[in-house]
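Please read the structure below before turning to the comments.
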């Protein structure tokens, strides 16, 4: 049987199962702009669905096998099992099915420069920075990121055929389907241990991905990460290194931070200043992402001083330490971080704000909690208080041997002031009763925990709009 090719279906209906996901929603937008008829479903009415509906895409919440009957191709993510009702209907009707990563790889074919950002964490921010530089410098890139960037008007952009900027995710070895000409590697750490044996297995997957670069391809990676360095050195491809403090091709001279942790530095290539950066986003990891984005832009022939000015205006992608409003005098933030390293970094930024920090953790998937259990117990150590909700199952079923109460118990044993607030209602009640004016509340997770911020804001605004006697 010949391989299914997505462009054979242009002008025809394509149905996406899990269309509300960060990657799938962007792909839906891209397919719509390419001339496909698009429909989709998702288990929850998340933040992405209104934007899709505004584009004229039919979206339903829940399982809707009847929607599949009108489609000629079904797209699904690796998180959607074959027994899903819509996939089962497609199988029954003989409708071809394509996994999300295969679709993305096919969409990237034919581009002159395919810029793939990979790594355990930091992919969305780095790819967003690189995309913004190319946009600001008039390069007209096509972009697909796992988040929403105001500069793009969403998570994707259909531009010219010269540049395609995309996140390359290692989950389920999805990035094997992508055809990179440049690989930007943020880091290689333990995650997705439901589909990898161990950290060495993860490193081997990155090595396989980088081996897909053409002979004149380029790697740009973190000099301080020994696994990244092994992958790049063993690739047989040209590579450049970045570091804020160590020895590398790209370094940050005169690095300093303002009172809320925003970096200022001179970007240097082998000791020679290339431009000055003054970031609006806080954290040393964002300084490192900026340096890596500059390295990528410079390799494409961009003017580095102009690229630095673009980074000065970078305001961050949504759900990346994003301020969402004030409730009862508490400043509410949300971050997409869902493994311990990402949570630790986000709390580090919060701790620099000079406020009492309340971290709200929504653990994501049972396998991740089990695989990284010890790291979860201490990743919120810099917060003053930690609230832990029930585990967000996502693609998984409850195995019955792990739950959030075990995390809270371990955190308390480690000296952390942790509390189990299983539901959004429990968490909101705790915050309204125990939160103080001036606190910084940071919700963290890649499930639906961001909706807690929206819920609390709506409840608080409704309360304040009532006549004084009814409050």
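The values are calculated or read from the model by the stated rules, or taken from the named source; none is laboratory data. Just so it is clear, the structure is predicted and the values come from calculations on it, not from any experiment. All Cβ positions, even for glycine, are placed from backbone atoms using ideal geometry, and neighbour counts span all protein chains on display.
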All but one of (1) assigned to a loop (DSSP other than H, G, I, E, B); (2) free of Cβ contacts under 8 Å to residues at least 60 places away in the same chain; (3) more than 29 Å from residue 338 (Cα to Cα) hold for residue 4; which doesn't? (2)
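I'd like to verify a number: residues in the stretch 372-391 that are within 18 Å of residue 199 (Cα to Cα) and buried (at least 19 other Cβ atoms within 10 Å of the Cβ), how many?
Step one: filter the stretch 372-391 for residues within 18 Å of residue 199 (Cα to Cα), giving 372-376.
If we keep only those that are buried (at least 19 other Cβ atoms within 10 Å of the Cβ) too, we end up with 372, 376.
Result for the stretch 372-391: 2.
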For the stretch 200-208, does any single residue satisfy the condition of being more than 17 Å from residue 292 (Cβ to Cβ) and either in a loop (DSSP other than H, G, I, E, B) or not assigned by TED's automatic domain parsing to the domain that holds residue 289 (or both)? no
If you go through 198, 224, 216, 249, the only one that is surrounded by fewer than 15 Cβ atoms within 10 Å (Cβ to Cβ) and over 26 Å from residue 109 (Cα atoms) is 198
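Being in the same structural domain as residue 460 (by TED's automatic domain parsing) and under 19 Å from residue 190 (Cα atoms) narrows it down to one residue among 404, 423, 429, 367; which is it?
Working: 404 fails: under 19 Å from residue 190 (Cα atoms); 423 fails: under 19 Å from residue 190 (Cα atoms); 429 fails: under 19 Å from residue 190 (Cα atoms).
Of the residues listed, the single one that is in the same structural domain as residue 460 (by TED's automatic domain parsing) and under 19 Å from residue 190 (Cα atoms) is 367.
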Any chance the stretch 362-385 includes a residue that's closer than 18 Å to residue 454 by Cα and assigned to a strand (DSSP E or B)? no
Any hit, the stretch 96-119, residues being without any contact (Cβ under 8 Å) to a residue 12 or more places away in the chain and surrounded by fewer than 24 Cβ atoms within 10 Å (Cβ to Cβ): no
Scope the stretch 174-198; condition more than 19 Å from residue 232 (Cβ to Cβ) and touching a helix residue (DSSP H, G or I) at 6+ places or on another chain (Cβ under 8 Å); matching residues: 174, 177, 190, 191, 192, 193, 194, 195, 196
When restricted to 256, 230, the only residue over 30 Å from residue 110 (Cβ atoms), modelled with pLDDT of 95 or more, surrounded by fewer than 16 Cβ atoms within 10 Å (Cβ to Cβ) and over 26 Å from the mean Cα position of the chain (by Cα) is 256
The one condition in (1) surrounded by 23 or more Cβ atoms within 10 Å (Cβ to Cβ); (2) within 21 Å of residue 188 (Cα to Cα); (3) in contact with a helix residue (DSSP H, G or I) (Cβ under 7 Å, 6 or more places away or on another chain) that residue 343 fails to fulfil: (3)
How many of the residues in the stretch 411-425 are assigned to a helix (DSSP H, G or I) and farther than 15 Å from residue 448 by Cα? 3
Which count do you get for residues in the stretch 259-275 that are within 20 Å of residue 345 (Cβ to Cβ) and at pLDDT 95 or above? 2
Could you say which residue among 130, 137 is farther than 25 Å from residue 319 by Cβ and either in contact with a strand residue (DSSP E or B) (Cβ under 9 Å, 6 or more places away or on another chain) or in contact (Cβ under 8 Å) with a residue 60 or more places away in the chain (or both)? 137
Residue list for the stretch 10-23, restricted to those being modelled with pLDDT of 90 or more, outside any loop (DSSP other than H, G, I, E, B) and touching a helix residue (DSSP H, G or I) at 6+ places or on another chain (Cβ under 9 Å): 14, 15, 16, 17
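Condition (residue is in a loop (DSSP other than H, G, I, E, B), over 28 Å from residue 404 (Cα atoms) and either touching a residue at least 12 places away in the same chain (Cβ under 8 Å) or in contact with a helix residue (DSSP H, G or I) (Cβ under 6 Å, 6 or more places away or on another chain) (or both)) applied to the stretch 320-334: is it met by at least one residue? I'd like the intermediate steps shown before the answer.
Let us first name the residues in the stretch 320-334 that are in a loop (DSSP other than H, G, I, E, B), namely 320-321, 328-329.
If we keep only those that are over 28 Å from residue 404 (Cα atoms) as well, we get 329.
Those left that are additionally either touching a residue at least 12 places away in the same chain (Cβ under 8 Å) or in contact with a helix residue (DSSP H, G or I) (Cβ under 6 Å, 6 or more places away or on another chain) (or both): 329.
Taking every residue of the stretch 320-334 in turn, at least one turns out to be in a loop (DSSP other than H, G, I, E, B), over 28 Å from residue 404 (Cα atoms) and either touching a residue at least 12 places away in the same chain (Cβ under 8 Å) or in contact with a helix residue (DSSP H, G or I) (Cβ under 6 Å, 6 or more places away or on another chain) (or both).
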Per the list (1) touching a residue at least 12 places away in the same chain (Cβ under 8 Å); (2) more than 13 Å from residue 331 (Cα to Cα); (3) not in a loop (DSSP other than H, G, I, E, B), residue check on residue 448 breaks on (3)
With the condition being closer than 20 Å to residue 318 by Cβ and touching a strand residue (DSSP E or B) at 6+ places or on another chain (Cβ under 6 Å), I'd like the helices (runs of 4 or more DSSP H) fully within the stretch 30-125 carrying at least 3 qualifying residues. 49-54
Given the conditions (1) assigned by TED's automatic domain parsing to the domain that holds residue 449; (2) part of a loop (DSSP other than H, G, I, E, B); (3) in contact with a helix residue (DSSP H, G or I) (Cβ under 7 Å, 6 or more places away or on another chain), and given that residue 338 satisfies all but one, which numbered condition is not satisfied? (3)
Of the criteria (1) more than 15 Å from the chain's Cα centre (by Cα); (2) within 28 Å of residue 211 (Cβ to Cβ), which one residue 94 fails: (2)
Quick check: anything in the stretch 71-80 more than 21 Å from the chain's Cα centre (by Cα), outside the structural domain of residue 128 (by TED's automatic domain parsing) and more than 24 Å from residue 172 (Cα to Cα)? yes
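Condition test on residue 420, is it at pLDDT 95 or above, farther than 20 Å from residue 353 by Cβ and touching a strand residue (DSSP E or B) at 6+ places or on another chain (Cβ under 6 Å)? Steps first, answer last, please.
On the way: at pLDDT 95 or above: yes; farther than 20 Å from residue 353 by Cβ: yes; touching a strand residue (DSSP E or B) at 6+ places or on another chain (Cβ under 6 Å): yes.
So residue 420 fits the description; yes.
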